[in-house]
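J.: Sharing a structure here in structure tokens format.
Bear in mind these aren't lab numbers, they're just calculated from the coordinates by the rules spelled out. Model, not experiment: these values are computed from the prediction. Quick reminder, even Gly has a Cβ in these numbers, built from the backbone with ideal geometry, and neighbours come from all protein chains shown.
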Amino acid sequence: MKGLLLDLYRKQIHKSLISKWKRESPDKYTGYELNDNIEELYELMKKISEDQRLLKTIKAFYRVNKTLKDIIGTGADWKFRGAGPGFFVLR
């Protein structure tokens, strides 16, 4: 996982602290299980950010999602009345 931390920040961490972290059990820290996948996720995000076609598709998806949410509103604005036509009504 080298290279994920900028040199600016890495240089600010004392070497003895880094050594201590390496010797400690990782399950001491909350979210430690994410470390197993972080490098894979980093590579995936890097590939996504380099793929312009995929970026455009993702942006379009989120625009459609936001538009639908703006039109429909939140779930708190709707009341379920049972099955059949018009079973959701605006409060």
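J.: Return the ratio Rg/(2.2 N^0.38 Å) for segment 27-68, where Rg is computed over Cα atoms only.
T.: Cα Rg divided by the expected 2.2 N^0.38 Å: 1.65.
J.: Let's test the formula: R0 of 22 Å, r as the Cβ-Cβ distance of residue 9 and residue 40. What FRET efficiency results, to the nearest 0.05?
T.: 0.50
J.: Rounded to whole Hz and in sequence order, give me ³J(HN,Hα) for segment 35-46 from the Karplus expression 6.51 cos²θ - 1.76 cosθ + 1.60, θ = phi - 60°, writing x for Gly and Pro.
T.: Each residue of segment 35-46 in turn: 4, 5, 9, 5, 5, 5, 5, 4, 4, 4, 5, 5 Hz.
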